[in-house]
1. Just to check your reading of the model, which residue among 198, 187, 265 is under 21 Å from residue 99 (Cα atoms) and in contact (Cβ under 8 Å) with a residue 12 or more places away in the chain?
2. With the structure loaded, tell me whether residue 130 is surrounded by 14 or more Cβ atoms within 10 Å (Cβ to Cβ) and within 15 Å of residue 241 (Cα to Cα) or whether it fails that test.
3. Taking the condition of being out of contact with any helix residue (DSSP H, G or I) (no Cβ under 8 Å at 6 or more places or on another chain) and under 14 Å from residue 18 (Cβ atoms), how many residues in region 72-96 meet it?
4. Given the condition in contact with a strand residue (DSSP E or B) (Cβ under 9 Å, 6 or more places away or on another chain), under 27 Å from residue 14 (Cβ atoms) and touching a residue at least 40 places away in the same chain (Cβ under 8 Å), answer yes or no: does some residue in region 116-129 qualify?
5. Quick test of your reading of the structure: residue 107 fulfils all but one of (1) over 15 Å from the mean Cα position of the chain (by Cα); (2) surrounded by 13 or more Cβ atoms within 10 Å (Cβ to Cβ); (3) closer than 11 Å to residue 126 by Cα. Name the failing condition by number.
6. I need the full set of residues from region 15-42 which are under 22 Å from residue 275 (Cβ atoms), free of Cβ contacts under 8 Å to residues at least 40 places away in the same chain and surrounded by fewer than 22 Cβ atoms within 10 Å (Cβ to Cβ), in order please.
7. Restrict the check to region 221-236 and report whether at least one residue is in a loop (DSSP other than H, G, I, E, B) and either surrounded by fewer than 22 Cβ atoms within 10 Å (Cβ to Cβ) or free of Cβ contacts under 8 Å to residues at least 12 places away in the same chain (or both).
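Every number in this text was worked out from the coordinates using simple rules, so none of it is lab data. Keep in mind the model is a prediction, meaning the values are calculated, not measured. Methodologically, a virtual Cβ is constructed for each residue, glycine included, from the backbone with ideal geometry; neighbour enumeration extends over all protein chains shown.
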């Protein structure tokens, strides 16, 4: 089930465009600001403040890009570690977040690799902690973001969520397909319709050639990806059932994602990065 008045809470988000970076490297703080996101996450339950930024602070604004003092941090429980889970929840709730992200690609061994059974143990613990903290109507819970949002892991998890009447307010989505905008739009609609009309938060998005072993072999050109982005960003901005999105910052030397890179080898914006950074999505 969804939290009371969850759709009203969703509209509190001041902009859809987000960013995802680990903030262990100093250079990523500057990259974050360059993209002008309204929100960001770092695959972590807590994060150091952005330099020159009051992390998590939200100011009222409309029809303008965010400033460096208005980027909202969304905490994530990357995986399920029972020995520290309660402690991490307390740390997260102490910061009074408005949205909490579920596990990262639990359906992949190379990622969080959380079984459906373990996730269903963890989820009520998180719900109960939120209730005990007096925040059940102010925090939105985003489902685990699977590598395959329509795969058996996610379908089984959501079936059990519905049976047990657990809280999932938003569906977390990862998408790394080709540069076909129509196929992307169709897939997002299918995901939306598959889980009871819950809105989507696309926490990782990009074009990838998973067969490429060198940059030269990647079958998608930067122009292909830019044209794709020029179609899907305005489209996502117009869909009230898409809460937000974050383009994944592939390194330009990554054979599989080179054409999706937002920054070049000198950490300057690529043409794709310039478009993403300048796009207004509110």
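1. Checking each option against the conditions leaves just 198.
2. Taking the combined requirement at face value, the residue does not satisfy it.
3. Matching residues across region 72-96 total 4.
4. Checked against the condition, which is being in contact with a strand residue (DSSP E or B) (Cβ under 9 Å, 6 or more places away or on another chain), under 27 Å from residue 14 (Cβ atoms) and touching a residue at least 40 places away in the same chain (Cβ under 8 Å), region 116-129 yields at least one hit.
5. Result: residue 107 fails condition (3) only.
6. Answer for region 15-42, where residues must be under 22 Å from residue 275 (Cβ atoms), free of Cβ contacts under 8 Å to residues at least 40 places away in the same chain and surrounded by fewer than 22 Cβ atoms within 10 Å (Cβ to Cβ): 28, 29, 33.
7. There is at least one residue in region 221-236 that is in a loop (DSSP other than H, G, I, E, B) and either surrounded by fewer than 22 Cβ atoms within 10 Å (Cβ to Cβ) or free of Cβ contacts under 8 Å to residues at least 12 places away in the same chain (or both).
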